[in-house]
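**Q** Encoded as structure tokens, here's the structure I'll be asking about.
Just so it is clear, none of the values below were taken in a lab; they were calculated from the coordinates. Everything numeric here is computed off the predicted structure, so don't read it as measured data. Methodologically, a virtual Cβ is constructed for each residue, glycine included, from the backbone with ideal geometry; neighbour enumeration extends over all protein chains shown.
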Amino acid sequence: MTDPAEQTVEGTRVDGVHVLGAISPSRAGEFKSCPLMYRYRTIDKLPEAPSSAAVRGSLVHQVLEDLFDLPAAERTPERAEELVPRAWEKLQAARPEAAELLAQLDQDEEDWLAACRPLLATYFDLEDPRRLEPAERELYVEALLDSKLLLRGVVDRIDIAPDGAIRVVDYKTSSSPGEAYEATALFQMRFYALVLWRTRGVIPAMLRLVYLGNSEILSYVPDEQDLLATQRQVEALWDAIREARRTGEWLPRRSPMCGWCSYKQHCSEFGGEILPLPEQQPAESVDVQPGQGVDEDAAVTLEDRDVVRHHQDGAASSLG
Ligand code: SF4
């Protein structure tokens with residue numbers, strides 16, 4: 001499904017400023033995984049059928065967001081299950097493709113919704129939401145770098161401890177990655193940490209990925225050098241994307257991501273013919289006006305560092 005950062009942004013705090021372009025961590029990851037997939041999605045804007053896993057992920061995110069609207073004592077597994085039908089209604093209203101997906105799957109709605117239950121149950125194994133009072137949920141964040149590149153995204157949850165320490169939390173309905181892919185998974189969190197540092201002047205104390213697919217949490221403590229490296233990498237990636245735009249070379253790169261790619265019929269790696277570039281391409285740089293989004297570009301690789309894995313959050317209410 002479309003990145004929420006692409007959907008929810010109507011205006012931006014940098015309205016009226018000339019920016020080179022904008023990137024979110026998801027688009028960044030796409031370019032790194034496969035420039036051709038990035039091109040089809042971002043430049044050609046080819047339509048994609050939503051996947052069942054992506055829609056279910058959006059639904060679980062909605063339930064977890066709604067859960068924190070309840071008084072703390074009511075945030076129980078039973079109440080979470082009760083929230084599912086309402087969350088499903090909201091999701092279908094916001095994203096009609098979600099309802100279309102169910103029609104395509106020809107699956108009973110109740111059965112399909114029931115598949116959320118194990119994911120929600122896992123959430124309660126990992127965190128106790130009665131002990132949490134998030135400072136922010138589904139927060140749109142953006143920061144303009146000196147290079148005029150706009151970084152933006154939507155953070156699932158921000159917790160702030162009494163001493164001001166910030167924890168950035170993201171829920172994943174998939175399973176946690178193997179160690180070889182940890183850095184890729186954490187790139188999104190480092191990106192958010194960089195944006196928060198640039199906008200709030202504070203480096204988050206903890207980055208946390210909560211994997212509901214296999215009941216695991218990845219935690220990571222960023223530092224200034226780490227975030228400066230993230231910024232350099234994002235900007236280097238931006239240069240690579242501009243070069244691809246200049247040369248028109250968007251090479252396919254086969255990887256496990258191909259299993260989820262909608263563009264195989266237009267990919268030479270799978271016997272398809274690569275489509276000609278569209279005559280009209282989205283502008284590379286843009287003046288951001290109120291109510292106007294901007295195209296985004298980018299991707300990155302990061303070195304691995306001190307990732308902690310655990311299966312139960314025994315200190316859910318602290319940032320330790
Ligand atoms: S199938 Fe694989 S190599 Fe081809 S465009 Fe998709 S992700 Fe890239």
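**Q** List the lysines whose Cα sits under 19 Å from the Cα of LYS45, skipping any in the same chain fewer than 8 residues away.
**A** Answer for LYS45, where 19 Å is the Cα cut-off: LYS32, LYS264, listed by chain and number.
**Q** Mind listing the Cα extents of segment 74-149 along all three principal axes, in Å, largest one first?
**A** Here the spans come out as 51, 36, 18 Å, largest first.
**Q** How many Å³ per residue does the convex hull of the Cα positions in segment 121-195 occupy?
**A** It comes to 125 Å³ per residue, whole-number rounded.
**Q** Cα convex hull of segment 59-104: how many Å³ per residue?
**A** 66 Å³
**Q** What shape does segment 122-279 have by the C-alpha gyration tensor, where a ≥ b ≥ c are the square roots of the eigenvalues, rounded means a/c under 1.5, and otherwise prolate means a/b greater than b/c and oblate the rest?
**A** oblate
**Q** Over segment 139-192, what relative contact order in percent results from Cα pairs under 8 Å that are six or more residues apart?
**A** This gives 26 percent for segment 139-192.
**Q** What FRET efficiency do you get for SER147 and ASP108 if R0 is 45 Å and r is their Cβ-Cβ distance, rounded to the nearest 0.05?
**A** The formula returns an efficiency of 0.30 here.
**Q** Rank the residues SER58, SER52 as a footprinting-exposure proxy: fewest other Cβ atoms within 10 Å of their Cβ go first.
**A** With the sparsest Cβ surroundings first, the list reads SER52, SER58.
**Q** Points 7 angstrom from Cα along the Cβ direction at SER51 and GLN225: gap in nanometres?
**A** If labels sit at SER51 and GLN225, their model points lie 3.6 nm apart.
**Q** Then there is this: Cα-Cα pairs above 15 Å in segment 166-221: how many percent?
**A** Everything past 15 Å amounts to 46 percent.
**Q** At a Förster distance of 41 Å, what's the computed FRET efficiency of THR199 paired with MET257, Cβ-Cβ distance as r, to 0.05? Can you show the working numbers first?
**A** Values: r = 30 Å, r/R0 = 0.74.
The computed FRET efficiency comes out at 0.85.
**Q** Another question, if that's okay. By its C-alpha gyration tensor, with a ≥ b ≥ c as the square roots of the eigenvalues, how is segment 33-184 shaped: rounded for a/c under 1.5, else prolate for a/b larger than b/c, else oblate?
**A** Because a/c hits 1.5 or more and a/b fails to exceed b/c, segment 33-184 counts as oblate.
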